[in-house]
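Before any comments, here is the structure.
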Amino acid sequence: MSNAYVVGHITVKDSEKWDEYRTRVPATLEPWGAELVFRGKKVATLAGEHSHSDIVVIRFPDKAAINRWHSSAAYQALIPLRAQAAEMLLISYEAGS
């Protein structure tokens, strides 16, 4: 079994709503054995084009846990707040060798 990751590319639209969203997400991760790897702000785009300014990386035990988390009632309830707070691109990845 290999870890899987969710990477979020983010542009904040409303900082107060974003702060609320960020404080509520960790409780939705806990039941699925997920952990926040890091959050950060873009320093430079070294190749290509990338318009988002922030990133988040979350590790899950496997891709099934990602799917269960994302479809959970707890996380689904946060999506309207997320949409008001930020533009976000969420991508899931499975770790390779």
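The values are calculated or read from the model by the stated rules, or taken from the named source; none is laboratory data. Computed from a prediction, not measured in an experiment: that's the story for all the values here. Virtual Cβ from ideal backbone geometry, glycine too; neighbours counted across all protein chains shown. Keep in mind that these areas ignore ligands, DNA and RNA; they rest on the heavy atoms of the full protein, side chains included. Shrake-Rupley method; radii C 1.70, N 1.55, O 1.52, S 1.80 Å.
For the chain, what is the accessible area per residue in Å², given a 1.4 Å probe and the full set of protein chains?
On the way: 6110 Å² over 97 residues.
Using a 1.4 Å probe on heavy atoms only, each residue of the chain averages 63 Å².
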Proximal lysines to K42, defined as alpha-carbon separation beneath 20 angstrom and excluding residues fewer than eight positions away on the same chain: K13
Amide N of segment 59-97 lying under 17 Å from the label point, which is placed 7 angstrom from the Cα of N3 along Cα→Cβ: 59-67, 91-97
The chain, accessible surface, carbon-and-sulfur percent (1.4 angstrom probe): 53 percent
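Say a site is exposed when it is one of the trypsin sites (Lys or Arg not before Pro), sits in a DSSP loop, and has at most 14 other Cβ atoms within 10 Å; what is then the longest site-free stretch of the chain? Can you show the working numbers first?
Numbers: sites that count: K13, K42.
Segment 43-97 is the longest.
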Net charge contributed by nearby residues that have their C-beta within less than 13 Å of A34 (K/R +1, D/E -1): 0
Relative contact order [Cα under 8 Å, 6+ residues apart], the chain, whole percent: 53 percent
Per DSSP, loop GluC sites (Glu not before Pro) in segment 1-76 with at most 10 further Cβ within 10 Å: E49
